[in-house]
Structure formats: C-alpha cells, structure tokens
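A.B. asks: This is the structure, below, for whatever I ask next.
Any read-out appearing in this document is the output of simple, stated calculations on the displayed coordinates, not a laboratory observation. These numbers come from a predicted model, not from an experiment. Quick reminder, even Gly has a Cβ in these numbers, built from the backbone with ideal geometry, and neighbours come from all protein chains shown.
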Amino acid sequence: MSGAGTARLAVLLSGRGSNLVAIADACRRGEVPAEIVLVLSNKADAAGLERARERGIPARVVPAKGLSREEHERQLIAALEKAQVEWVCLAGYMRLLTPLFIERFFPRIVNVHPALLPSFPGVEAQRQAWEYGVKVAGCTVHLVDAGCDTGPIVLQRTVEVGEDDTPETLSARILEQEHIAYPTALRRLLTRPWRLDGRRLVFE
Ligand code: GAR
C-alpha cells in the first residue's frame, strides 16, 4: 500500500494533544503529505481540542458516557465518514476500539505507544518500564488491530534510562521521541509502498 496526494487524517485524543501538535506542525511544514481534517475526543475537557481549534482544525467531543462501546463508535464513524477521513491517528486516545471500528478503517489506523512494544502495553507504560528496571525505553508507532497495543509495528525510537531518571523525567524524554516518531511514521506510510507480511509491516 502507499498513499498519493494529500491524505485526509483525523486525530482521536483524550488529553493534552502534544502528539496532535507534532503531526499538525509536520503537515503544515509539508513533511507529512496530509491534512488533519477533524479532531475527535471522548473527553470534553481534553486540552487537545483547544490545540486543534487554535490551528483552525475542526474539533468535536463525542462523549462515551451512557453509550455502549459500539454505539459510541458508530457516532465516531459517522463523524469520520462525514469528514471523508481516510486515516485515523490515535494520539493519547485512552479507549480500546472494538472490531466494529477496526474493521471499518484497518489498516489505516495508527497509534503511538510510550514503550518499546511488545513490552509494557496498556496504561502507564513509562512507569511500568521504569519499575521493571529497563536500561533502554522508547516509543512505538503501530497500526491498530483489535488487541491492546498489538498491531503491526511501523517504527520505534529508543531512549536510554539513566540512574537518576524518574518515571516523570523518562516520560518527558520518551514524549520528545514520540513527536519525532509519529510524523516520521506517517510520512513513510503515506509516501512509500508497504505491505503486511503476517504481522510484519514491510516497506518495499
Ligand atoms: C503519549 O505519551 C502517548 O504515547 C500516550 O498518551 C500520551 C498522550 O500525550 N498513549 C498511550 O499511553 C496509549 N496507550 P499527548 O496527548 O500529549 O499526545
């Protein structure tokens, strides 16, 4: 697979939105041949919504409260289809997606995770890695499948763990690498031919 022209991206987030900013800036600089056409959040107070609006990107809340997972996802899918979204980028979106959503967009769903998968999936990955005592940590950009942080890996970047690191200092250095990794991964996916060989994502 590969993309030609300008891809229509959506970003799904639940919080701060620093990865959204990194992707938006890379698109604006022409480093990623894409446009973010919609930002969706399950959280009304997500700071990432404001980061989007400051940049003129339409941003909407789709609350999950009181809805089944599928009903919530049907609302997300409707908003994404209305905006003619081709690629969905998860950036700190803290809900698992069901097969309903995955089947609609796979393999064009991308996520960033703050650990070197398959180690430390799930929440607070940086703290998990620090508590385990790893000497090298990092981040992973991967395609999203129906598992938790299990999809094909696009790109990883590493960070050395120092004796003085705390979960907080380590998280901050991993985040710097996420901001490089996510746009780089999108650029590769959109500009180079690639295929899936089992769970291996192979660039031609
Ligand atoms: C990032 O560190 C991202 O890797 C993590 O949430 C943070 C979002 O930050 N995602 C996960 O842990 C998903 N399992 P941001 O809102 O500033 O982009």
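A.B. asks: So, R0 is 35 Å and r is the distance between the beta-carbons of residue 65 and residue 204; what FRET efficiency does that work out to, to 0.05?
C.D. replies: On the way: r = 44 Å, r/R0 = 1.27.
With a Förster radius of 35 Å, E is 0.20.
A.B. asks: Quick test of the membrane-span-like rule: which DSSP H helices of the chain reach at least 30 Å along their long axis (C-alpha atoms) with mean Kyte hydropathy at least -0.5?
C.D. replies: 167-191
A.B. asks: Rounded, prolate or oblate, given the Cα gyration tensor of the stretch 1-154, with a/c below 1.5 counting as rounded?
C.D. replies: Rounded is the answer for the stretch 1-154, as its axis ratio a/c remains below 1.5.
A.B. asks: Once the Cβ-Cβ distance between residue 103 and residue 164 is put in as r, and R0 is 45 Å, what FRET efficiency do you end up with, to the nearest 0.05?
C.D. replies: That gives a FRET efficiency of 0.45.
A.B. asks: With a point put 7 Å past each Cα toward its Cβ, work out how far residue 16 is from residue 77 in nm, to one decimal.
C.D. replies: Each label point lies 7 Å from its Cα, and together they span 3.3 nm.
A.B. asks: Also, I was wondering about something else. Please compute the length gained on full extension between residue 50 and residue 95, using 0.36 nm multiplied by the number of residues separating them and subtracting their Cα-Cα distance. Don't skip to the end; give the middle numbers.
C.D. replies: On the way: separation 45, 0.36 × 45 = 16.20 nm, distance 2.02 nm.
Extra length from residue 50 to residue 95 when fully extended: 14.2 nm.
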